[in-house]
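Colleague: The structure under discussion is supplied below as structure tokens; questions concerning it will follow.
The values are calculated or read from the model by the stated rules, or taken from the named source; none is laboratory data. Fair warning: this is a prediction, and the values are worked out from it, not measured in the lab. With ideal geometry, Cβ positions are generated from the backbone for all residues, glycine too; neighbour counts draw on all protein chains shown. To get the accessible areas, we keep the full protein, side chains included, count just its heavy atoms, and leave off ligands, DNA and RNA. Shrake-Rupley method; radii C 1.70, N 1.55, O 1.52, S 1.80 Å.
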Amino acid sequence: MRVVLFCGGQGLRLREYSESIPKPMVPVGYRPILWHVMRYYAHFGHADFVLCLGYRAETIKDYFLHYTETSSNDFVLSDGGRSIELPRSDTRDWRLTFIDTGLDASIGQRLRAVGQHLRDDDVFLANYGDVLTDAPLDDLLESFVQSGRMAAFLAVRPTPYTFHTVEVDRDGQVTALRSVAGSDLWINGGYFMFRRAILDEFGPGDDLVSDVLPRLIERREVLAFRHEGFWAPMDTVRDRQALDDRVALGDTPWDLGGHSDRIG
């Protein structure tokens with residue numbers, strides 16, 4: 001099953017990186033967060049990726065064109081350096097299609113641009129290139145396929161430090177200020193599942209979340225799978241530091257294959 005990854009964004013809130021690389025290429029441990037997202041899907045057997053490129057597309061292309069597993073994996077060198085044995089391979093079974101979908105295109109426009117590469121897929125997966133989870137993809141995908149709906153996505157709790165909810169009376173007096181960690185708030189966490197027919201729902205200029213999904217919701221064609229487990233975006237420097245801290249401690253719940261990627 002193909003996986004469409006939206007990785008053309010600039011990531012303005014990660015300005016220390018975004019001037020030189022696209023946000024999906026910001027490293028978590030040794031590797032870009034995009035690599036971690038792809039490895040999650042590959043763990044479930046979905047390793048045919050369609051990369052929707054935009055800002056600094058050449059950076060993503062060059063990374064995978066020159067990807068060397070020995071740079072960050074254990075290996076055995078023998079025969080005077082002529083033989084290299086890798087106890088495990090990260091990307092041997094991966095298939096990557098690189099498509100330039102425009103510098104300023106929306107998510108919906110990027111999805112439409114790669115539609116020709118999804119002609120053989122009744123169901124396909126899609127996601128942002130900068131968010132990690134440990135959600136049980138096989139179970140969710142089975143539920144989606146059996147539902148007959150056209151779209152689904154992961155619903156998650158927002159990160160606790162993102163913002164606080166405010167209750168205000170008629171006079172403007174604040175009556176409550178609560179962290180979202182204690183609320184019943186759920187947000188779109190990505191990890192989309194679509195039937196190919198969704199591509200026919202796009203009109204000129206339509207975006208995915210603001211235009212197409214609301215119309216499908218009115219027709220009761222969208223499911224949200226609530227996930228109480230691990231989910232983390234990388235929108236800010238603080239997000240990146242939190243993920244790097246986990247890697248340093250060997251606490252990487254998104255790495256379902258148990259890959260060691262400790263820093264240092």
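Colleague: Any idea how many residues of segment 192-214 are in a helix (DSSP H, G or I), of a type in the set (A, V, I, L, M, F, W, C) and buried (at least 17 other Cβ atoms within 10 Å of the Cβ)?
Modeller: Keep residues of segment 192-214 that are in a helix (DSSP H, G or I), which gives 196-201, 208-214.
Retained after the next criterion (residues that are of a type in the set (A, V, I, L, M, F, W, C)): 197-199, 208-209, 212-213.
With buried (at least 17 other Cβ atoms within 10 Å of the Cβ) added as a condition, the list becomes 198-199, 208, 212-213.
Matching residues across segment 192-214 total 5.
Colleague: Separate question: Can you tell me how many residues within segment 32-54 are surrounded by fewer than 20 Cβ atoms within 10 Å (Cβ to Cβ) and among the aromatic types (Phe, Trp, Tyr)?
Modeller: Residues flagged as surrounded by fewer than 20 Cβ atoms within 10 Å (Cβ to Cβ) and among the aromatic types (Phe, Trp, Tyr) within segment 32-54 amount to 1.
Colleague: I'm trying to understand the selection: among the residues of segment 129-164, which are open to solvent by 50 Å² or more (accessible area, probe 1.4 Å), of a type in the set (S, T, N, Q) and not in a helix (DSSP H, G or I)?
Modeller: Within segment 129-164, just THR162 meets the criteria.
Colleague: Here's something else I'd like to know. Look through HIS46, HIS36 and report the one residue that is within 22 Å of LEU243 (Cα to Cα) and either touching a residue at least 40 places away in the same chain (Cβ under 8 Å) or of a type in the set (Ser, Thr, Tyr) (or both).
Modeller: HIS36
Colleague: Scan segment 104-131 and report the pairs whose first residue is farther than 20 Å from ALA57 by Cα and whose second residue is polar (S, T, N, Q), with Cβ atoms within less than 6 Å and a gap of 6+ or a chain change.
Modeller: Here the result reads none, with nothing in segment 104-131 linked to a residue that is polar (S, T, N, Q).
Colleague: If you don't mind, another one. Only one residue in ALA176, ALA151 is within 28 Å of PRO24 (Cα to Cα) and hydrophobic (A, V, I, L, M, F, W, C), so which one is that? Please lay out each step first, then the result.
Modeller: Details: ALA176 fails: within 28 Å of PRO24 (Cα to Cα).
Within the list ALA176, ALA151, the selection yields ALA151.
Colleague: Can ALA242 be described as of a type in the set (A, V, I, L, M, F, W, C) and open to solvent by less than 30 Å² (accessible area, probe 1.4 Å)?
Modeller: no
Colleague: Taking ASP104 as meeting all but one of (1) open to solvent by 20 Å² or more (accessible area, probe 1.4 Å); (2) part of a helix (DSSP H, G or I), write down the number of the exception.
Modeller: Failed condition: (2).
Colleague: Name the pairs: first residue in segment 196-225 and closer than 20 Å to VAL123 by Cβ, second residue basic (Lys, Arg) and buried (at least 17 other Cβ atoms within 10 Å of the Cβ), Cβ to Cβ under 7 Å, at least 6 apart or on different chains?
Modeller: LEU199/ARG112; PHE202/ARG112; GLU221/ARG149; VAL222/ARG149; LEU223/ARG149
Colleague: Identify all residues within segment 23-46 that are in contact with a strand residue (DSSP E or B) (Cβ under 6 Å, 6 or more places away or on another chain) and assigned to a loop (DSSP other than H, G, I, E, B); write none if there are none.
Modeller: Scanning segment 23-46 gives a single hit, HIS46.
Colleague: Out of the residues in segment 73-95 that are surrounded by 16 or more Cβ atoms within 10 Å (Cβ to Cβ) and modelled with pLDDT under 90, which is nearest to the chain's Cα centre (by Cα)? Steps first, answer last, please.
Modeller: Kept after step one, since they are surrounded by 16 or more Cβ atoms within 10 Å (Cβ to Cβ), are these residues of segment 73-95: 73, 90, 94.
From what's left, modelled with pLDDT under 90: 73, 90.
Numbers: ASN73: 23, ASP90: 18 Å.
Looking at the filtered set, the residue picked out is ASP90.
Colleague: While we're here: Is there a residue in segment 96-114 that is at pLDDT below 95, more than 15 Å from PHE6 (Cα to Cα) and not aliphatic (A, V, I, L, M)?
Modeller: So far as segment 96-114 goes, no, none of its residues is at pLDDT below 95, more than 15 Å from PHE6 (Cα to Cα) and not aliphatic (A, V, I, L, M).
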